[in-house]
Amino acid sequence: MGVSNEREEIKARVQQIQVSLPDGTAVPALGQGTWYMGENPQAKEQEIRALQLGIDLGMTLIDTAEMYAEGGAEQVTGDAIPSRRQDLFLVSKVYPHNAGIRKISESCENSLRRMGTEYLDLYLLHWRGNVPLSETIEGMEKLKKEGKILRWGVSNFDTEDMQELWGTDGGQNCAVNQVLYHIGSRGIEYDLLPWHKQHKVPVMAYSPLGHGGELRSKLMSNPVMTQIAEKYAVKPLQIALAWTIRTDNVIAIPKAVQENHVFQNAQAAAIKLKREDLEELDRAFPPPTHKVPLDII
Ligand code: NAP
């Protein structure tokens, strides 16, 4: 198969797996993260190429934040994105200390300038800080009216935070909650994920490959993961990624700079885990049996 045919085939599989936002917009269940991009000028070209390859493979949702390399990751994203802006779904995040009514506009403007775009598809409160939720909602809704963002959401909100948000005026306009979720950290399955299903608000899973270091190595070398991976002729982390997006309510945003990683992540869209695989994975990585406070990095 030619290189371009192979890419088209992977892209078609990625495009088949979509998640619906509360307003009916469909986004790819597999996107791309950008944490740590923009920190090292020598790595910039490779980071840009990685994001562009991911876009070519259908992973057109890109997650970044004003925090990442203090705007550096947003700049890399801006340099990577093609002119067909309407084909992308760009997500950025505001620092909690900038999420008040006075600062949120300036933060958003700065993100837009760094990314070279006129609007964000989704703007998230990165985590809860001291600014009252009502004030952040007011700021987000104002940005929406001005056309600078199309929708807003939150990140690192546990179930009680979501309940409080739902009880706050305008809070039900939240489109997404981005939280840590991977097969080695399943705490949200006890109550947060069910809350999201019930309220039809998708979860965006960050660190879906376990982020890095020892935890990622453990996932890669787990005997059940390796055995299932062998069965599908893929790598264990591709199984971890396919597992994360096994339902229709979770979007995963793996970050990859190495080209082979980008390919592998996109190819995970084609893996359909069978019931017996999921049961084996449950035995190796048991789901929670009680409330677990939200895992955060
Ligand atoms: P991750 O995506 O779980 O893991 C990234 C690491 O895995 C990188 O070292 C990457 O290496 C490696 N990798 C990627 N694909 C691989 C593959 N197929 N095989 C082997 N290794 C692979 O971790 P993350 O960056 O923490 O999370 C993803 C994104 O979520 C972030 O980039 C960020 O956008 C977002 N996030 C949000 C929050 C929040 O508070 N809202 C917190 C954390 C993360 P290379 O880069 O060298 O390819």
Legend entry - Difference of contour (0.36 nm per residue) and Cα-Cα distance, residue 272 to residue 106: 55.4 nm
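Compute the orientation-averaged projected area for the stretch 68-200 from the convex hull of its Cα atoms and round it to one decimal in nm². Walk me through the intermediate numbers first.
Working: hull surface 34.6 nm².
The directionally averaged projection comes out at 8.7 nm².
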Inset, instruction - Work the Kirkwood hydrodynamic radius out for the stretch 16-67: mean of 1/r over every pair of different alpha-carbon atoms, inverted, in Å. - result: 12.3
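Restricting the count to DSSP beta bridges whose residues both fall in the stretch 147-297, what percent are antiparallel, rounded to a multiple of 5? Don't skip to the answer; put the middle values down first.
Values: 1 of 10 bridges.
Close to 10 percent.
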Inset, instruction - Would you please state the base-10 log of I(q)/I(0) at q = 0.14, 0.16, 0.24, 0.26 1/Å for the stretch 75-146, with intensities from the Debye formula using one equal scatterer on every alpha carbon? - result: -0.42, -0.54, -1.06, -1.18
Legend entry - In sequence order, calculated HN-Hα J values of the stretch 220-226 (Karplus, 6.51, -1.76, 1.60; Hz; x Gly/Pro): 5, 9, 4, x, 5, 4, 5
Legend entry - Calculated from backbone phi, Karplus (6.51, -1.76, 1.60) coupling profile of the stretch 167-176 in Hz, x at Gly/Pro: x, 9, 3, x, x, 6, 7, 4, 9, 7
Legend entry - Label-point separation in nm, residue 141 to residue 247, each point 7 Å along Cα→Cβ: 2.9
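Expressed as a whole percentage, what fraction of the accessible surface of the chain belongs to carbon and sulfur atoms when a 1.4 Å probe is rolled over the protein heavy atoms? Write down the numbers at each step before the final one.
Working: 6390 of 13570 Å².
With neighbouring chains kept in place, the figure for the chain is 47 percent.
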Inset, instruction - Using 0.36 nm per residue of separation minus the Cα-Cα distance, give me the extension gain between residue 40 and residue 70 in nm, one decimal. - result: 9.6 nm
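For the stretch 102-180, what is the accessible area per residue in Å², given a 1.4 Å probe and the full set of protein chains?
Values: 3510 Å² over 79 residues.
I get 44 Å² per residue for this part.
Not counting the cut sites, what is the longest span of the chain without trypsin sites (Lys or Arg not before Pro) that DSSP labels loop and that have at most 13 other Cβ atoms within 10 Å? Could you put the intermediate results ahead of the total?
Values: sites that count: 84, 102, 200, 272, 274, 291.
Segment 103-199 is the longest.
Please state the equivalent ellipsoid semi-axes for the stretch 185-276: what are the square roots of 5 times the Cα gyration tensor eigenvalues, largest first, in whole Å? Don't jump to the answer; show the numbers that get you there.
Details: eigenvalues 100, 44, 37 Å².
Equivalent ellipsoid of the stretch 185-276: 22, 15, 14 Å, largest first.
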Legend entry - Solvent-free Debye scattering, log10 I(q)/I(0), computed from the Cα coordinates of the stretch 247-295 at q = 0.15, 0.31 Å⁻¹: -0.66, -1.10
Inset, instruction - List the residues whose amide H sits under 5 Å from the amide H of residue 89, counting only those 5 or more places along or on another chain, with H placed 1.01 Å from N in the peptide plane. - result: 61, 62
Inset, instruction - Under 1.5 on a/c is rounded, so check that first for the chain, then, if it is not, pick prolate when a/b is larger than b/c and oblate when it is not; a ≥ b ≥ c are the square roots of the alpha carbon gyration tensor eigenvalues. - result: oblate
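Just to verify a number: FRET efficiency for residue 169 and residue 215, C-beta to C-beta distance, R0 = 30 Å, to 0.05? Intermediate values should be presented prior to the final figure.
Values: r = 39 Å, r/R0 = 1.31.
With a Förster radius of 30 Å, E is 0.15.
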Inset, instruction - May I ask for the Rg/Rh ratio of the stretch 17-145, computed from Cα atoms with Rh as the Kirkwood radius, given to two decimals? - result: 0.97
Legend entry - the stretch 154-297, relative contact order in percent, only Cα pairs under 8 angstrom and at least six apart counted: 30
Legend entry - For the chain: relative contact order, % (alpha-carbon pairs under 8 angstrom, 6 or more apart): 20
Inset, instruction - Pull up the DSSP beta bridges for the chain and report the antiparallel fraction as a percent, rounded to 5. - result: 15
Inset, instruction - Would you kindly derive the ³J(HN,Hα) couplings of the stretch 92-106 from the backbone phi angles with the Karplus curve 6.51 cos²θ - 1.76 cosθ + 1.60 (θ = phi - 60°), listing them in order in whole Hz, with x for Gly and Pro? - result: 9, 9, 9, 4, x, 6, 9, 8, x, 4, 7, 9, 5, 5, 5
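Relative contact order of the stretch 65-169: what whole-number percent is it, with Cα pairs under 8 angstrom and at least 6 residues apart?
Values: 147 pairs, mean separation 29.0, N = 105.
Taking the mean separation of contacting Cα pairs over the length of the stretch 65-169, I get 28 percent.
The values are calculated or read from the model by the stated rules, or taken from the named source; none is laboratory data. Worth saying up front: this structure is predicted, and the values here are computed from it rather than measured. Note that we place each Cβ from the backbone using ideal geometry, even for glycine, and neighbour counts take in every protein chain shown. SASA here: full protein model, heavy atoms, side chains in, ligands and nucleic acids out. Shrake-Rupley method; radii C 1.70, N 1.55, O 1.52, S 1.80 Å.
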